[in-house]
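Following: one structure in structure tokens, then a few remarks.
The values are calculated or read from the model by the stated rules, or taken from the named source; none is laboratory data. This one's a predicted model, so the numbers in the text were calculated from it and none came from an experiment. Positions of Cβ are backbone-derived with ideal geometry, glycine not excepted, and every protein chain shown enters the neighbour counts. We work out accessible area using only protein heavy atoms, side chains counted, and drop any ligands, DNA or RNA first. Shrake-Rupley method; radii C 1.70, N 1.55, O 1.52, S 1.80 Å.
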Amino acid sequence: MGVPYHTSQDVPGRCLWLIDRLFSKVQTITAPHETDLGPLDATFLFAMSTLIFTLPIERLERHRRKEEAGQHGYMDDRPLDPASAKEIDAVLGSDDTRFNASPFHVPGAWRFASIDYNPDQNLAVEFPEELAVRLSADDAVRDADDLSARAWMNCLRNALAHGGIIYLDAAGRQAHGKPTSMMGFVSAQYPNGNMRKPPERLISLRTTPNEYRATLQKWVCWVQSTGLSLPAAA
């Protein structure tokens, strides 16, 4: 494998290519002693998509303010393709672009909900029923569409980077020992952005593996700035 020139564009494309080529194989693979829980497709998508989403954000979007000040970060891909960096700024640099108007939106694919944070909550132990109910509500798709593209991306990126991923069953619950049918992403909102204080709210996105793949296709196509459609997700 050759050394990538533009990591933010090349590596997500490589990861997507691996997903497209290997996904049918992954759907035949189960974890040892857990054959009744189905294939490891959700785990494969969680793992591969972490680089797909975080690399462009960390190496492009996060350096925007430094560039405005005439500086470059120590892992800054912006000088490699200024036009691509400018396009990412246009969509993710402010809250002006709604998620449902973004280049990576898949109609009806995502749900969004939020709840007040309770200091006793530990989502690694129990997924809040209130949050599960809100994510299953009819207006959860509309609420996701009404997010800004930046808010949607921040929630997804934070969840992937900080372990806020949730395996959910067909009812949208974290029922241990049941097959995974949905993928959840949880992040938090802090008072005045101060992460040294407890969160004020929990925010969550939810989708299915197939809809997630469709989003990955659109995201990578946009990040690569080729204007060419990649193979559609199955």
Legend entry - Given the chain, longest segment not containing exposed loop GluC sites (Glu not before Pro) (DSSP; at most 15 other Cβ within 10 Å): 35-125
Inset, instruction - Pop out the carbon and sulfur fraction of the accessible area of the chain as a percent, whole number, probe 1.4 Å. - result: 53
Inset, instruction - May I have the extent of the alpha carbons of segment 1-51 along their three principal axes, as whole Å values ordered from largest to smallest? - result: 43, 17, 14
Inset, instruction - Counting other Cβ atoms within 10 Å, keep those with at most 13, restrict to DSSP loop, and tell me which trypsin sites (Lys or Arg not before Pro) in segment 108-198 are left. - result: Arg196
Inset, instruction - Using only protein heavy atoms and a 1.4 Å probe, report how much of Met153 is accessible, in Å² to the nearest 10. - result: 0
Inset, instruction - Straight distance only, please: which lysines reach the Cα of Lys178 with their own Cα at less than 26 Å, same-chain residues fewer than 8 apart left out? - result: Lys25
Inset, instruction - Round to the nearest 0.05 the FRET efficiency obtained for Glu129 and Asp95 when R0 = 41 Å and r is the Cβ-Cβ distance. - result: 0.85
Legend entry - segment 90-172: radius of gyration over Cα atoms, expressed as a fraction of 2.2 N^0.38 Å: 1.16
Legend entry - Separation of the Tyr190 and Arg21 label points, Cα + 7 Å toward Cβ, nm: 4.0
Legend entry - Cleavage-rule hits (chymotrypsin sites (Phe, Trp or Tyr not before Pro)) in segment 1-36: DSSP loop, at most 11 neighbouring Cβ within 10 angstrom: Tyr5
Legend entry - Rg over Rh, two decimals, segment 131-234 (C-alpha only, Kirkwood Rh): 1.00
Inset, instruction - Report the equivalent ellipsoid semi-axes for segment 1-118 in whole Å, largest first, defined as the square roots of five times the eigenvalues of the gyration tensor built from alpha carbon atoms. - result: 32, 21, 14
Legend entry - About the Cα centre, charge dipole magnitude for segment 120-234 (Lys/Arg +1, Asp/Glu -1 at Cβ), debye: 460
Legend entry - Per-selection Kirkwood Rh - the chain (Cα, Å, 1 d.p.): 18.7
Inset, instruction - Can you tell me the dipole magnitude for segment 1-110 around its Cα centre, using point charges on the Cβ only (Lys, Arg +1; Asp, Glu -1), in Debye to the nearest 20? - result: 140
Legend entry - Sequence-distant lysines (8 or more away, or on other chains) whose Cα lies within less than 27 Å of Lys86: Lys66, Lys218
Legend entry - Net dipole in debye of the chain [+1 Lys, Arg Cβ; -1 Asp, Glu Cβ; about Cα centre; nearest 20]: 420
Legend entry - Among Thr54, Val11, Tyr74 the positive-end extreme of the charge dipole of segment 1-76 (Cβ point charges): Tyr74
Inset, instruction - Determine the calculated [θ] at 222 nm for the chain from helices alone, applying -39500 (n - 2.57) to every DSSP H run no shorter than 4 residues and normalising by the residue count; nearest 500 deg cm²/dmol. - result: -13500 deg cm²/dmol
